Amino acid sequence: MSYTITLQVKDASPMNAYVSHPNKEGSFPAIIVLQEAFGVNKHIRSIADRLAAERYIAIAPELFHRTAPAGFEAPYTDF
């Protein structure tokens with residue numbers, strides 16, 4: 001199961017984060033998936049989903065939330 005949440009950070013700016021977790025009841029360890037320079041794109045979301053399939057809760061925060069629009073994604077050809 002996956003979805004996007006909004007976190008409130010210390011300076012009160014909202015930060016979106018992609019969350020993926022196992023489709024089972026119970027307690028699971030958690031892991032933070034850090035984005036590359038290209039944002040929380042399809043590849044980063046797929047990593048979070050693969051970790052959820054291995055019984056982890058994975059969260060991928062949009063680290064550029066102060067300088068880029070919500071949902072920022074850049075193609076790998078645009079470095």
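The values are calculated or read from the model by the stated rules, or taken from the named source; none is laboratory data. Keep in mind that what you see is a predicted model, and the values were worked out from it rather than measured. A quick note on method: Cβ atoms are made from the backbone with ideal geometry, for glycine too, and the neighbour counts reach across all protein chains shown.
Please go through region 20-37 and give me each residue that is closer than 23 Å to P75 by Cα, surrounded by fewer than 18 Cβ atoms within 10 Å (Cβ to Cβ) and modelled with pLDDT of 95 or more, ordered by number. I32, L34, listed by residue number. If you take the residues of region 50-74 that are of a type in the set (D, E) and surrounded by fewer than 18 Cβ atoms within 10 Å (Cβ to Cβ), which of them is nearest to S20 (Cα to Cα)? Out of the qualifying residues, it is E54. In the condition set (1) assigned to a loop (DSSP other than H, G, I, E, B); (2) free of Cβ contacts under 8 Å to residues at least 40 places away in the same chain, I47 is compliant with all but (1).
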